[in-house]
1. From A15, A58, A46, grab the single residue that is more than 16 Å from the ligand (Cβ to nearest atom), among the small types (G, A, S), at pLDDT 85 or above and more than 29 Å from V122 (Cα to Cα).
2. What tally of residues in segment 128-139 results from selecting those that are surrounded by 15 or more Cβ atoms within 10 Å (Cβ to Cβ) and within 11 Å of the ligand (Cβ to nearest atom)?
3. Among the residues of segment 121-159, which ones are touching a Lys or Arg at 6+ places or on another chain (Cβ under 9 Å) and among the aromatic types (F, W, Y)?
4. Scan segment 127-140 and report the pairs whose first residue is over 15 Å from A155 (Cα atoms) and free of Cβ contacts under 8 Å to residues at least 40 places away in the same chain and whose second residue is more than 7 Å from the ligand (Cβ to nearest atom) and of a type in the set (K, R), with Cβ atoms within less than 6 Å and a gap of 6+ or a chain change.
5. I'd like the full set of residues that are under 18 Å from the mean Cα position of the chain (by Cα) and surrounded by 15 or more Cβ atoms within 10 Å (Cβ to Cβ), limited to segment 41-59.
6. Please verify whether segment 88-99 includes one or more residues that are crowded, with 17+ Cβ neighbours inside 10 Å, of a type in the set (V, I, T) and closer than 27 Å to R43 by Cβ.
7. For C83, are the conditions met, namely being within 7 Å of the ligand (Cβ to nearest atom) and more than 20 Å from the chain's Cα centre (by Cα)?
Amino acid sequence: MESTKEMSVKDQVKAIAGQWRDREGNLIMILHQIQGKFGYVPREVALLLSRELDVPLATIYEVITFYNYFKLEKPGKYNIAVCMGTACYLKGASQILDAVKDLLNIDEGETTPDGMFRLDAVRCLGCCGLAPVIMINDRIYGKVKKEQVMEILAAYKKNKE
Ligand code: FES
């Protein structure tokens, strides 16, 4: 945390850009490093990068939006993905999604004000036999019932520092 503060965001962006400036595919590698450092690609950083590399901002956003991997919004400490793929949908995923929304008081694509939880509705997570499925960070919860959502989230809420 301290070492990140020692260097300004501008210096960090310069350092990363400098490392990759003349290499092929540099923009993607730079964005990977940016996301690794900040957890997403903040707009401020995209602007700095555009100036530093002399690449139009639109080009940077084209790359970011083309690859699902890149995020434009700050992730939560816990990222909840509710699967809305066909198998999960047929097994009541909408009710699970509604339960999460109600309990956290956020909508899809939003993060709670304390930064603890982010909620996304996603396509098939690849474990349809466990439908309906939710994933919190890299942990999968299968055959979830809407009554269990509160209990699942409570375990994460306890970890609030
Ligand atoms: S549809 Fe949800 S895991 Fe496949």
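1. A15
2. The qualifying residues number 7.
3. Y156
4. What qualifies is L130/K143.
5. Within segment 41-59, V41, P42, V45, A46 meet the criteria.
6. The answer is no, given that none of the residues of segment 88-99 is crowded, with 17+ Cβ neighbours inside 10 Å, of a type in the set (V, I, T) and closer than 27 Å to R43 by Cβ.
7. no
The values are calculated or read from the model by the stated rules, or taken from the named source; none is laboratory data. For clarity, every value in this text was computed on a predicted model and none was experimentally measured. No Cβ is skipped: glycine too gets one built from the backbone with ideal geometry, and neighbour counts run over all protein chains shown.
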